[in-house]
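Before any comments, here is the structure.
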Amino acid sequence: MSKKTPQAIRGTQDIFGADAEAFAYVVETFERVRRLYRFRRVEMPVFEKTEVFARSLGETTDVVSKEMYSFDDRGGESLTLRPEFTAGIARAFLTNGWQQYAPLKVATHGPLFRYERPQKGRYRQFHQIDAEVIGAGEPQADVELLAMADQLLKELGIHDVTLHLNTLGDGASREAWRAALIEYFRAVKDQLSEESQERLEKNPLRILDSKDARDKPFLADAPKIDAFLSDEASAFFAAVTSGLDAAGVKWVRAESLVRGLDYYRHTAFEFIPDEGSASAAALGSQSTVLGGGRYDGLMESLGGAPTPAVGWAAGIERLAMLVGAREEEPLEAMVLLEDDAGLAAAVALLADLRNGGVVAEMIATGSPKKRYDKAVKQQPRAILRVNADGYYGFSGDELDPKLAAILQARI
Ligand code: ATP
Ligand code: MG
């Protein structure tokens, strides 16, 4: 057997300490905020039949064509580690007859897997928080979902990230826009990047997303969706924007914002750090923290009845980078056992402290002379001294009332 220690898989992370605290803080804040909006918790499988993603996302998308972790299981069935939540939640909605709960507001979080080129803010296993409203076709659903995203960012202390908003119109508007984009880009096809040339017939909206310098000169003058919007689609978008204004959510129009996945209709959005802001500096080139939109076409692509829906997902790692490293829980009390004969008393005191909601630890090993220094090193607010007769006094600042009450009760 090899003596070499195994390495972690490329693009995975072992998150520890202050970074893990930031990660937990993002999830805890999300859990709190989603309750305010009455989004119900769902737990989803980490893998699905490959067709769940292939049919929902579309074969031409980056995720399906290049990024999925798919494999045949021992029974010969093709399975895929989920690259996103929405498709699996839509599958579950159909499998379990969750239509009965519509409009259904659900939230979840957990790991996702994409075979990408790992770099800062981009991993092969990453984590998202996710919120979906299924079975609601009215613009107010979009407004509520976006208000929740906005509140979450603020409660995380992130104030320099703004909602960039677009509409892709209804099916007919989107088709007309798509055709105009194909015509426009076909005229300059030879000058586009290879990737955009490939996208031209299959997924021309994605060219607007291109970061390639060869494509950029043609993006500004590309046809805009507004010229193709039906009256219904315009009215829908106007209702979303006026709802956002009423809810106090700041937004900017982003005419060339498209989402990578085929199933989007109407509202499409991303939260992006403001130029030159601290968040922009923290994220570097992986700048989108939260993205989503309306996916009215998805349920049908999975064989279900037409079901309007809207949702978003945000990368927990990217949000944690914006939150910054967070301190672990401060140590309120350190029980210092100075004489081993007092061990039982020290253990009983420690139990009382923790039962009383005090963050506490104990030092009861090593040479008695060195224990005090070890205790000080952990910077507790108070050191509670225990000798053979039990607790007899403390060092540190004045005792916190909660702690004082527990000690009082023991005397
Ligand atoms: P990008 O353009 O950055 O590839 P995307 O459009 O693929 O993003 P979505 O599928 O919309 O991203 O996922 C929503 C969010 O999940 C992103 O805004 C980002 O915060 C996060 N995310 C997506 N892919 C990764 C990844 N590989 N590593 C870390 N976070 C990711
Ligand atoms: Mg991506």
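With 0.36 nm allotted per residue and the present C-alpha distance subtracted, the L219-Y101 stretch has 38.2 nm of extension available. Residues in segment 41-172 average 40 Å² of solvent-accessible surface per residue, probe 1.4 Å, ligands and nucleic acids excluded. Between the helical axis of 139-155 and the dominant principal axis of the chain, each derived from Cα atoms, what acute angle in degrees is found, rounded to the nearest 10? Its long axis makes an angle of about 40 degrees.
Around Y37, under 15 Å between beta carbons, what's the net of Lys plus Arg minus Asp minus Glu among the other residues? With Lys, Arg at +1 and Asp, Glu at -1, the net is +1. Using alpha carbons only, how many degrees (0 to 90, rounded to 10) separate the axis of helix 343-355 from the longest principal axis of the chain? Approximately 40 degrees, to the nearest 10. For helix 231-247, report the angle its Cα long axis makes with the longest principal axis of the Cα atoms of the chain; keep it between 0 and 90° and round to the nearest 10°. Around 20 degrees separate the two axes. Restricting the calculation to Cα atoms, every distinct pair contributes to the Kirkwood radius of segment 205-294, found to be 15.0 Å. Ratio of Rg to Rh for the chain, alpha carbon only, Kirkwood? Reported Rg/Rh, Kirkwood definition of Rh: 1.10.
Counting protein heavy atoms only, the chain has 51 percent of its accessible area on carbon and sulfur, 1.4 angstrom probe.
Using a probe of 1.4 angstrom and keeping all protein chains present, the accessible surface of segment 315-411 works out to 58 square angstrom per residue.
For segment 156-224, the spread of Cα positions along the three principal axes, ordered from largest to smallest, is 46, 31, 19 Å.
Trypsin sites (Lys or Arg not before Pro), restricted to segment 1-87: which are DSSP loop and have at most 11 other Cβ atoms within 10 Å? Listed in order of number, the matching sites are K3, K4, R10, R38, R74. Summarising the strand pairing of the chain, around 75 percent of its internal DSSP beta bridges are antiparallel.
The listed residues W98, W251, once ranked by accessible area (1.4 Å probe) with the largest placed first, stand as W251, W98. One chain, two ends: A388 and E300. Fully extended at 0.36 nm per residue, the span grows by 24.3 nm beyond their Cα-Cα distance. Once Rh for segment 333-410 is found with the Kirkwood sum over Cα pairs, what is the Stokes-Einstein diffusion coefficient at 37 °C and 0.692 mPa s, in µm²/s? The Stokes-Einstein estimate is 269 µm²/s.
The values are calculated or read from the model by the stated rules, or taken from the named source; none is laboratory data. All of these numbers come straight from a predicted model, not from anything done at the bench. Virtual Cβ from ideal backbone geometry, glycine too; neighbours counted across all protein chains shown. Heavy atoms of the whole protein, side chains included, go into the accessibility calculation; ligands, DNA and RNA do not. Shrake-Rupley method; radii C 1.70, N 1.55, O 1.52, S 1.80 Å.
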